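To start, the structure itself, in structure tokens.
All of the numbers you see were taken from the coordinates with simple rules; none came from a lab. The structure presented is a predicted model; accordingly, all values stated were derived computationally and were not measured. Methodologically, a virtual Cβ is constructed for each residue, glycine included, from the backbone with ideal geometry; neighbour enumeration extends over all protein chains shown.
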Amino acid sequence: MTKCYAVRNIGSREMLTEWTTDQAQANEWAAECEIHETQPMVEVITQELTDLDLLERWASWHEGEHMTPELAATCPACDGWYPIVDADGDLTGDLAEADDLRYQLLSDALGCVRLREGK
């Protein structure tokens, strides 16, 4: 279990940021949100998350984004699981087990998988 931090709107309880293990980063995000006039009332929340929880939430947060080396660098590690990308290299928001033969590793640098052709 890892202690994680995120920022949410106090009134609506809407999540404004993804989860991070860096409390200083979460505090910085909160300060930025407080300055922005449409999100003035925010709080940093904490939660204990497993590696798989972190990866699931990361994949969900970045669904539809194109997987790049820069984005891959922010992806939390979780042994035995990979984020799935579509044929265009965009994240689907789902995960695949490393031993699932329906998927192939896209590249070591990106650390994600896509459906094998013909599957």
To the nearest 10 degrees, the tilt of helix 23-35 (Cα long axis) against the first principal axis of the alpha carbons of the chain is 60 degrees
In whole Hz and in residue order, list the ³J(HN,Hα) couplings for the stretch 56-73 that follow from phi through the Karplus curve 6.51 cos²θ - 1.76 cosθ + 1.60, θ = phi - 60°; x for Gly and Pro.
4, 5, 4, 4, 5, 4, 9, 3, x, 7, 6, 6, 10, x, 5, 5, 4, 5
Taking Cα pairs under 8 Å and at least six residues apart, what relative contact order does the chain come out at, in percent?
20 percent
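Given 0.36 nm per residue, what is the gain on full extension from Asp108 to Gln47 after removing their alpha carbon distance, in nm? Mind dumping the intermediate values first?
Numbers: separation 61, 0.36 × 61 = 21.96 nm, distance 2.99 nm.
Using 0.36 nm per residue and subtracting the Cα-Cα distance, I get 19.0 nm.
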For the stretch 64-108 and the stretch 1-18, compute the distance between their C-alpha centroids and round to whole Å.
24 Å
Test of understanding: extend the Cα→C-beta vector of Met15 to 7 Å, then name every residue of the stretch 55-74 with backbone N under 12 Å from that spot.
55-63
Taking amide hydrogens as modeled 1.01 Å from N in the peptide plane, which residues meet the under 5 Å criterion relative to Thr17, leaving out close sequence neighbours?
Val7
Tell me which residues come under 5 Å, amide H to amide H, from Thr2 once H is placed; ignore anything under 5 positions away on its chain.
Leu49, Thr50
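Indicate the gyration tensor shape class of the stretch 2-49 (rounded, prolate or oblate), computed on the Cα atoms with a ≥ b ≥ c the square roots of the eigenvalues: a/c under 1.5 is rounded; otherwise a/b larger than b/c is prolate and the rest oblate. Write down the numbers at each step before the final one.
On the way: a/c = 2.88, a/b = 1.61, b/c = 1.79.
Oblate, since a/c reaches 1.5 and b/c is not below a/b.
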Under 9 Å, Cβ to Cβ, from Thr2 - net charge with Lys/Arg +1 and Asp/Glu -1:
-2
For the stretch 82-88, in residue order, the Karplus 3J(HN,Hα) values (coefficients 6.51, -1.76, 1.60; θ = phi - 60°; whole Hz; Gly and Pro = x) are 9, x, 9, 10, 7, 4, 8
